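The structure appears right after this line, and notes come after that.
The values are calculated or read from the model by the stated rules, or taken from the named source; none is laboratory data. Predicted model only: the values in this text are computed from it and were never measured. Because the Cβ atoms are built from the backbone with ideal geometry, glycine has one as well, and the counts that use them run over all protein chains shown. Just so you know, the surface numbers come from the protein's heavy atoms only, side chains and all, with ligands and any DNA or RNA stripped out. Shrake-Rupley method; radii C 1.70, N 1.55, O 1.52, S 1.80 Å.
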Amino acid sequence: MSELDQARAEFSALWRIRERSPEEAERLEALRARLVELLAVPPAGYQAPEAGRGLVEHARAHGWRVLEQWARASDGAPFYTVTVGRPAEDEEARRFGLRWEYKHTWHSWGAAPGRVRLFRSGTAQTPAAPRVHDAPSVRRIMAVITENPVV
């Protein structure tokens with residue numbers, strides 16, 4: 001069993017416990033953090049696309065939350081998803097759960113071996129348009145991040 005599978009199994013078992021002790025809650029958080037790290041590791045022979053890496057670095061530099069995830073489609077083809085986001089600034093918007101969140105996926109379908117390419121348009125949610133809609137380009141997302149850093 002791989003380290004990722006072991007971490008998933010332990011996390012799942014702890015997640016099912018309704019009333020956790022402080023030690024169990026701490027272990028659950030440590031496992032969650034470790035799973036996030038493990039899921040960001042590309043499969044053998046693959047690497048994150050330059051645009052995805054640039055978006056991740058730019059978002060982190062401006063204080064936005066970042067989630068990178070490598071996974072496999074049902075046919076076994078790897079894909080890479082980047083989600084960047086941050087809560088809205090004013091208190092009223094936060095009460096309604098308004099936030100900036102952008103998600104783009106790069107897939108290996110039809111790409112050269114070891115490479116991935118942007119898959120569809122991605123999704124977005126913003127305080128001005130809270131329903132899920134098509135995401136702008138990675139370049140435009142980076143401009144929004146620059147305009148709205150976490151202070």
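Things worth noting here:
- Per residue solvent-accessible surface (Å²) - region 97-149, probe of 1.4 Å: 60
- With a Förster radius of 41 Å applied to the C-beta separation of SER74 and LEU14, the computed FRET efficiency comes to 0.90.
- Of the residues VAL82, PRO149, SER12, the one whose Cα sits farthest towards the positive end of the charge dipole of the chain is VAL82 (charges of +1 on Lys and Arg Cβ, -1 on Asp and Glu Cβ, taken about the Cα centre).
- Mean separation of Cα contacts under 8 Å, 6 or more apart, over the residue count of the chain: relative contact order %: 18
- For the listed peptides 30-38, 51-59, 80-88, a ranking on the average number of other beta carbons within 10 Å per residue, highest first, reads 80-88, 51-59, 30-38.
- Estimated dipole of region 5-150 in Debye, rounded to 20 [Cβ of Lys and Arg +1, of Asp and Glu -1, Cα centre]: 400
- When the surface is traced with a 1.4 Å probe over the full set of protein chains, ASP5 keeps roughly 70 Å² accessible.
- For region 83-89, backbone phi angles converted through the Karplus equation (6.51, -1.76, 1.60; θ = phi - 60°) give residue-by-residue couplings of 10, 10, x, 7, x, 5, 7 Hz, Gly and Pro being listed as x.
- Kyte-Doolittle at least 0.0, axis length at least 27 Å by Cα - qualifying DSSP helices, the chain: none
- When the Cα convex hull of region 1-104 is projected onto planes of every orientation, the mean area is 9.2 nm².
- Region 1-56 - percent of accessible surface contributed by carbon and sulfur, probe 1.4 Å: 53
- Here the sum of -39500 (n - 2.57) over DSSP H runs of 4 or more residues, divided by the residues of the chain, equals -12000 deg cm²/dmol at 222 nm, to the nearest 500.
- When nucleic acids and ligands are ignored and a 1.4 Å probe is applied, SER21 ends up with an accessible area of around 40 Å².
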